[in-house]
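Input: a single structure, listed below in structure tokens.
The values are calculated or read from the model by the stated rules, or taken from the named source; none is laboratory data. In this text the structure is predicted, and so the values were computed from the model without any measurement. Using ideal geometry, Cβ is built from the backbone for each residue, glycine included, and neighbour counts are taken over all protein chains shown. Only protein heavy atoms, including side chains, enter the accessible area calculation; ligands, DNA and RNA are left aside. Shrake-Rupley method; radii C 1.70, N 1.55, O 1.52, S 1.80 Å.
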Amino acid sequence: MATEAKDQKYPFELPALEYDFDALEPVIDPETMRLHHGKHHQAYVDNLNKAVEQHDELQSKTLSELLSNLDVLPEAARGAVRNNGGGHANHSMFWKTMKLNEGGKPSGSLATAIDSAFGSFDDFKTKFNEAGVKQFGSGWVFVIADGDKLTIQAMPNQDTPFHKGTEPIFGNDVWEHAYYLKYNNRRPDYLKAWWDVVDWDAVAERYERLRQA
Ligand code: MN
């Protein structure tokens, strides 16, 4: 199995998409998938490599280590690692937590944690979508585990929970490049539709791992 992006070291590599570009139709169109994975994510990987190749002392560090210790990075690399390393980590998580779910819902301990933090699955989705709509400009909405407790956190640009020493359980990309071809400026419509492509099995596995971290 390929190394998870967070455990990769320089040179970083674009993870293969584990499904076809049309696998998330009709929620996400194939052209958006092709550009998003092959161009946008690839550019984050390439630019992260360019930043790290000039700093030998960074080449022994994993992506997770780089992102959770921005303060100690050389100033010349810090911004590029923050943006492009964050982009690499966030998108690698994103591809692995999507699958056409045909109206599926979370179950088991994940469902319990959602109900306990937000009241119900519907309330959770409403709060998550609101956070995504309110995020000004580009960014992400993440769900993070603080012990057993779940929280929703919107972050700008390619910022990531890795900066705080944790990682997202899952999250949605609200950059225009994630939705503009199909949804144009209608971010709220994209956020609503996206629930049909959350891979709840993959998310539950991540929750089980991260709640214990
Ligand atoms: Mn993106």
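What's the extension gain from residue 101 to residue 148 if we count 0.36 nm per residue and subtract their Cα-Cα distance? The partial results should precede the final answer.
Details: separation 47, 0.36 × 47 = 16.92 nm, distance 2.46 nm.
Going from the current span to full extension adds 14.5 nm.
In terms of solvent-accessible area of protein heavy atoms at a 1.4 angstrom probe, what is the ranking of 65, 57, 18, highest value first?
Values: 65 85, 57 105, 18 140 Å².
Descending accessible area places them as 18, 57, 65.
Give the distance, in whole Å, between the Cα centre of segment 28-71 and the Cα centre of segment 96-143.
Going from one Cα centre to the other spans 26 Å.
Of the candidates 199, 29, 20, which one comes out as most mobile in a Gaussian network treatment of the chain with C-alpha springs shorter than 10 Å?
20
With each run of n ≥ 4 DSSP H residues scored as -39500 (n - 2.57), what mean residue ellipticity at 222 nm is computed for the chain after dividing by its residue count and rounding to the nearest 500 deg cm²/dmol?
Values: 10 runs with 89 residues, N = 213.
So the helix-based figure for the chain works out to -11500 deg cm²/dmol.
Past 29 Å, Cα to Cα, is the threshold; run 96/125; 105/149; 39/99; 134/182; 9/105 against it and keep the listed order.
From 96/125; 105/149; 39/99; 134/182; 9/105, over 29 Å: 9/105.
Considering only protein heavy atoms and a probe of 1.4 Å, how much of the accessible area of the chain is carbon and sulfur, as a whole percent? Provide the component values of the computation, followed by the final result.
Numbers: 4840 of 10290 Å².
Summing carbon and sulfur atoms, their accessible area is 47 percent of the total for the chain.
Which whole-number value in Å² is the accessible area per residue of segment 30-96, probe 1.4 Å?
Details: 2900 Å² over 67 residues.
About 43 Å² of surface per residue is accessible.
Just need the relative contact order of segment 109-213 here, percent rounded to a whole number, with Cα pairs under 8 Å and 6+ apart.
For segment 109-213, the relative contact order is 25 percent.
Below 8 Å, C-alpha to C-alpha, sequence gap of six or more: please give me the relative contact order for segment 30-96 in percent. Let's see the in-between values first.
Working: 42 pairs, mean separation 26.6, N = 67.
Answer for segment 30-96 is 40 percent.
What is the helix-to-structure angle for 108-118, meaning the angle in degrees between its Cα long axis and the longest Cα principal axis of the chain, kept from 0 to 90 and rounded to the nearest 10?
With rounding to tens, the tilt is 90 degrees.
Between 48, 63, 33, whose Cα lies farthest towards the positive end of the dipole of segment 29-75 when Lys and Arg beta carbons carry +1 and Asp and Glu beta carbons carry -1, centred on the Cα centre?
33
Residue 133 label point, 7 Å along Cα→Cβ, cut-off 13 Å on backbone N: hits in segment 180-213?
So the set is 186-193.
Check each of the chymotrypsin sites (Phe, Trp or Tyr not before Pro) in segment 104-145 and keep only those in coil by DSSP with at most 12 other C-beta atoms within 10 angstrom; list them in order. Don't skip to the answer; put the middle values down first.
On the way: sites: 118, 121, 124, 128, 136, 140, 142; in loops: 136.
Answer in residue order: 136.
Roughly what angle does helix 86-96 make with the longest principal axis of the chain, taking Cα atoms, 0 to 90 degrees, to the nearest 10?
Helix 86-96 sits roughly 40 degrees off the main axis of the chain.
For the chain, take the convex hull of the Cα atoms, compute a quarter of its surface area, and give me that in nm², please.
Numbers: hull surface 44.7 nm².
In nm², the orientation-averaged hull projection of the chain is 11.2.
Let me have the relative contact order for the chain, percent, based on Cα pairs under 8 Å that are six or more residues apart.
Values: 311 pairs, mean separation 48.3, N = 213.
Reported relative contact order: 23 percent.
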